Amino acid sequence: MTWDSLWTALALVLLIEGLLPFFSPQSWKRTVQQIAQLQDGQVRFFALLAIIAGLLMLWL
């Protein structure tokens, strides 16, 4: 992996993360409020699922 690939990946993450709050800010706010009400263990579980999904995508 080169630095260019890392910067490209980071740019894509920022682009994707910015789409929902840009196009639907009210929906994004509700989602963030719901996430804030989750227990720490629940947040960690979903984070672990995201990590595993990302690793599987890289592996494939």
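The values are calculated or read from the model by the stated rules, or taken from the named source; none is laboratory data. No experiment lies behind these values; they were computed from the predicted model shown. Here Cβ is always computed from backbone atoms with ideal geometry, including for glycine, and neighbour counts include all displayed protein chains.
In the stretch 50-59, is there at least one residue being among the β-branched types (Val, Ile, Thr) and either exposed (fewer than 10 other Cβ atoms within 10 Å of the Cβ) or over 13 Å from the mean Cα position of the chain (by Cα) (or both)?
Within the stretch 50-59, the first condition is being among the β-branched types (Val, Ile, Thr), and the residues that meet it are 51-52.
From what is left, the residues that are either exposed (fewer than 10 other Cβ atoms within 10 Å of the Cβ) or over 13 Å from the mean Cα position of the chain (by Cα) (or both) are none.
Taking every residue of the stretch 50-59 in turn, none turns out to be among the β-branched types (Val, Ile, Thr) and either exposed (fewer than 10 other Cβ atoms within 10 Å of the Cβ) or over 13 Å from the mean Cα position of the chain (by Cα) (or both).
Residues that are touching a Phe, Trp or Tyr at 6+ places or on another chain (Cβ under 8 Å): find the helices (runs of 4 or more DSSP H) completely inside the chain holding 1 or more of those. It would help to see each step written out before you state the result.
On the way: elements: 3-23, 25-36, 40-59.
Per the criteria, 3-23.
Under 7 Å between Cβ atoms, at least 6 apart or on separate chains: pull out the pairs that start in the stretch 38-58 with a residue that is in contact (Cβ under 8 Å) with a residue 40 or more places away in the chain and charged (D, E, K, R) and end on any residue that is surrounded by 10 or more Cβ atoms within 10 Å (Cβ to Cβ) and assigned to a helix (DSSP H, G or I).
none
Condition check: exposed (fewer than 10 other Cβ atoms within 10 Å of the Cβ) and modelled with pLDDT under 95. Does residue 7 satisfy that?
Details: exposed (fewer than 10 other Cβ atoms within 10 Å of the Cβ): no; modelled with pLDDT under 95: yes.
Taking the combined requirement at face value, the residue does not satisfy it.
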